[in-house]
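The values are calculated or read from the model by the stated rules, or taken from the named source; none is laboratory data. Note that this is a predicted model, so its numbers are computed, not measured. Because the Cβ atoms are built from the backbone with ideal geometry, glycine has one as well, and the counts that use them run over all protein chains shown.
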Amino acid sequence: MPGKSENLSITYEARAESIGAARAAVADFAGAMGASADQLEAIRLVVSEAVTNAVLHAYRGGPGVIEVTAARTGHELWIRISDEGGGLHPAADRRGLGLGLGLIARLADHLSVLPRSCGGIEVRIGLELDGGEPGSGARRPALAGSGAAPAR
């Protein structure tokens, strides 16, 4: 579709105000790429949870940046949230996924959480779009979740 970018890349400061800004930017992009209304709700939630994790845990209250990218590849939307913070640290008082990552795993078709060679974490979220062309607004049932990752 001419004139519509199929990639989004924005860097945010690791601050609470960035959560809503990232959520809105990725949802706007996903809507333009053909995500249904149901999918947009799921996308808003997964982006909010991933960016919130980075804001709260990556830099332990210090300054830092969060990179947010999204791209449409065929009938899939891939979202990447990354930071250069302290990495994953298991919480002694809980096992498995944290609440945010667990929610992302249920809403996304694909989820991986990877350490970055430069430090920090990269969260990759994949969602199968409804199948329409960008901006078509085609609909399908809500997404089934899959994937697993360590707690942050």
Verdict on Pro90 being closer than 27 Å to Cys118 by Cβ, at pLDDT 90 or above and surrounded by fewer than 21 Cβ atoms within 10 Å (Cβ to Cβ): no
Residue match in the stretch 127-150 (condition: modelled with pLDDT of 55 or more and outside any loop (DSSP other than H, G, I, E, B)): yes
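Scanning the stretch 17-30 for residues that are without any contact (Cβ under 8 Å) to a residue 40 or more places away in the chain and of a type in the set (Gly, Ala, Ser), which turns out nearest to Arg72 (Cα to Cα)? Lay out the reasoning, then the answer.
Keep residues of the stretch 17-30 that are without any contact (Cβ under 8 Å) to a residue 40 or more places away in the chain, which gives 17, 19-21, 23-24, 27-28.
When the remaining residues are screened for being of a type in the set (Gly, Ala, Ser), the result is 20-21, 24, 27.
Values: Gly20: 21, Ala21: 20, Ala24: 17, Ala27: 13 Å.
Among residues in the stretch 17-30 that are without any contact (Cβ under 8 Å) to a residue 40 or more places away in the chain and of a type in the set (Gly, Ala, Ser), the one nearest to Arg72 (Cα to Cα) is Ala27.
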Residues satisfying the stated conditions in the stretch 39-77, i.e. surrounded by fewer than 17 Cβ atoms within 10 Å (Cβ to Cβ) and assigned to a loop (DSSP other than H, G, I, E, B): Arg60, Gly61, Gly62, Pro63, Gly74, His75
Hits in the stretch 19-38 - residues which are under 13 Å from the mean Cα position of the chain (by Cα), crowded, with 17+ Cβ neighbours inside 10 Å and more than 16 Å from Ser82 (Cα to Cα): Ala27, Phe29, Ala30
